[in-house]
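These notes concern the structure reproduced below.
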Amino acid sequence: MKFLITWLIVLSVHAGVDTSLLADDWLSWRGPLSTGEAPDATPPKQWSEDENVAWKTRLPGLGHSSPVVVGDRVFVTTAIAFGPKLPPVPVVAEGAHDNLDVTQRHRFVVLALDRSTGKILWQTTVHEALPHEGGHNTASLASASPVSDGQRLYAYFGSFGLFALDFDGNILWERQPGKLQTKHAHGEGASPALADGVLVVNVDHEEQSFVEAFDVETGKTLWKAFRNEVTSWASPLVTKVDGRWQVIAAGTDRIRAYDLKTGKVLWLCGGLSANVVATPVAHDGILIAASSYDTRAMVAVDLKNASGDITGSKHVLWATTQRTPYVPSMLLVDGHVYFLRHYQNILSRRDIKTGAELAGPFRLPGVRNVYASLVAADGCIYVADLDGRTLVMTHGKNPTLVAMNVLDDRFAATPAPAGSQLFLRGHEYLYCIEERE
């Protein structure tokens, strides 16, 4: 094993937001291409508490959701405990372990910050409840990242609701999915996806699982497709294939693709393991999906003309059981997929068409316990971990270490590169990293 050594998006003008300041936005947790790459961003490579921190703002409560960046604002979600301490809510899930106790009611909150200064402009409480489960001890009650279409913000808190807000913090509509029961009571975390005026959520849990699509303007359900699936935490991916938008949802039983407008199942493919967490990525008609829990699995699917059950067919370009990811999702750059073993510091790189691994794997020095997904910008990959470290390295056949950056926080949320800035959401702070003269 080797050691690592050496859009323009035209946005509608909306009251309260100046969308003309910066064209480089990060509208969802996997970025403008849904691959983890910000192709036009040029964030810093090096920083510390004393270098290249434009601002840091303490956030209330706790959330592992990633920030989204729209024009001159940054949006995050959080869950804030309040009120008197109560006896812990009983954990009723079979096989529950390493769970957080729920002893207080929570406010589920959306915040907007000024992109230039970090000032909190508003925070809107969208729901209050006593949670029925607290999740894994590494989790949070606000782990699903928001998404924006440049006109509205959509925040998803699973059992505690789906909300559309304007950029002044007003709730435009809301939907309540009902109480979800996750495996081992380990919590919820799949983020919504958005395309062509349709918002999609994937609700895989221990009861009846489903994918549901909503009209972004009204919140009306456009379709709801029930699934024979147990709990997964993978977010849906929306990608265009042969001129048609597909919603791709990975699951233990099958990866399935749904027509964005109708919910019709277009194709399905087996090959993953239980507890699917990593969200699929796609480029140039090729999909990569992976899991790593009881067994390791990764499959590459040729999406062109895929129809029906394609398990074991020519549409499966390649598969592997080596070093596949569990928590952090894959990164797709320049026709290659990058991924970590489980949530550890072993990096692999494969050609998406052939599965060829011409170099590596690489042991990443200085980082461990990586729950944040990998992102790329300006020729580099950013890897943030739970100890407050962010490793920056070049991507390519032989990645080279650029910098190891340390901040006084812990990072489970995926970084958000946008324009000349990098936004890092920690357990306590939101950091804006930018070159300072």
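Each value in this text was obtained by applying a stated rule to the coordinates, not by laboratory testing. Worth saying up front: this structure is predicted, and the values here are computed from it rather than measured. So basically every Cβ, Gly included, is an ideal-geometry build from the backbone, and we count neighbours across all protein chains shown.
The trypsin sites (Lys or Arg not before Pro) of the range 243-273 meeting both criteria, a DSSP state outside H, G, I, E and B (loop) and at most 15 other C-beta atoms within 10 angstrom of the site's C-beta, are Lys261, Lys264. When both the range 100-158 and the range 334-406 are represented by their alpha-carbon centers, they are found 28 Å apart. Annotation: the residues Cys380, Cys432, sorted from fewest to most other C-beta atoms within 10 Å of their own C-beta, follow the order Cys380, Cys432.
How would you classify the range 95-221 from its alpha-carbon gyration tensor, with a ≥ b ≥ c the square roots of the eigenvalues: rounded for a/c under 1.5, else prolate if a/b is greater than b/c, otherwise oblate?
oblate
A cut-off of 5 Å between modelled amide H atoms, ignoring neighbours fewer than 5 places along the same chain, links His342 with Thr324, Tyr326. In this structure the amide hydrogen of Val375, modeled in the peptide plane, comes within under 5 Å of the amide hydrogens of Tyr382, none closer than 5 places in sequence on its chain. Here the residues Tyr382, Tyr343, ranked from fewest to most Cβ neighbours within 10 Å of their Cβ, fall in the order Tyr343, Tyr382.
Residues whose amide H lies under 5 Å from that of Arg73, counting only those 5 or more places away or on a different chain, are Arg115; hydrogens are built 1.01 Å from N in the peptide plane. Cross-link pairs exceeding 20 Å in C-alpha to C-alpha distance, out of Lys240/Lys353; Lys353/Lys397; Lys220/Lys304, comprise Lys220/Lys304.
Here the average projected area of the convex hull drawn through the C-alpha atoms of the range 303-416 stands at 7.8 nm².
Using a/c under 1.5 as the rounded threshold, could you call the range 2-434 rounded, prolate or oblate? The axes a ≥ b ≥ c are square roots of the C-alpha gyration tensor eigenvalues, and prolate needs a/b larger than b/c, oblate otherwise. It is rounded, given that a/c, with a ≥ b ≥ c, falls under 1.5.
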